[in-house]
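Taking it in order: structure first as structure tokens, then the write-up.
Any read-out appearing in this document is the output of simple, stated calculations on the displayed coordinates, not a laboratory observation. A quick note: this is a predicted structure, and the numbers were derived from the prediction, not measured. Note: ideal-geometry Cβ built from the backbone for every residue, glycine included; neighbour counts use all protein chains shown.
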Amino acid sequence: MCFVARCIQKSSIVGVFFFAIFLSACDFFPDPQKKEVSIVFEASDLGDASFSPNPIVVHFGGHVVWKNNDKLTHSIVGDAEKGGCAFKSEGILPGGTFKKTFSKRMTCQYYCGIHGRAMRGRIIVK
Ligand SMILES: [Cu+2]
């Protein structure tokens, strides 16, 4: 094998090695500011059980990522009538996600913009 080929091979092995370390570090140190909420299978009319976990506690400045594990599209609407969190996601397709950062300490109620309050959840921002 020529010198250049050997160099390239060596550097890619080193690259893969560091990339693997980087990936495993991500597993060991998950983002403490990130909380994931599942929109559960057949969530449409499960009430408080449409989201899991529910309620969820997130630290001030942290964010919540909703993952749609259902076969229908849902959306997330912050319930402005019940506490001061007014926000609205686009439709979240099956398998899709929506991320929202919370920078104020509060309790936030939310529901699905498509199925209404038959799907509801709560976020406690500490
Ligand atoms: Cu829905």
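Name the chymotrypsin sites (Phe, Trp or Tyr not before Pro) in segment 60-126 that are in a loop by DSSP and that have at most 12 other C-beta atoms within 10 Å, would you?
Hits after loop and neighbour filter: Phe60.
Could you work out the local net charge near Arg117, counting Lys and Arg as +1, Asp and Glu as -1, over the other residues with Cβ closer than 15 Å to its Cβ?
Cβ neighbours under 15 Å give a net charge of 0.
Within 10 Å of each residue's Cβ, count the other Cβ atoms and sort Cys112, Cys85 from fewest upward. Show your work: numbers first, answer last.
Values: Cys112 25, Cys85 19.
Final ranking by Cβ density, sparse to dense: Cys85, Cys112.
For Asp31 and Arg117 in one chain, what is 0.36 nm times their gap in residues minus the Cα-Cα distance, to one decimal in nm?
Gain on extension, Asp31 to Arg117, equals 27.9 nm.
May I have the convex hull volume per residue, in Å³, for the Cα set of segment 32-125?
Convex hull of Cα atoms, per residue: 74 Å³.
So what J values fall out for segment 59-66 if you push phi through Karplus, 6.51 cos²θ - 1.76 cosθ + 1.60 with θ = phi - 60°, rounded to Hz, Gly and Pro as x?
Values, residue by residue: 7, 2, x, x, 10, 10, 10, 8 Hz.
Please report the relative contact order for segment 32-125, taking Cα pairs under 8 Å with a sequence separation of at least 6, and give it as a percent rounded to a whole number.
33
Within 14 Å, Cβ to Cβ, of Lys126, how many net charges do the neighbouring residues add up to if Lys/Arg are +1 and Asp/Glu are -1?
Details: positive: Lys35, Lys104, Arg105, Arg122; negative: none.
Net of charged neighbours comes to +4.
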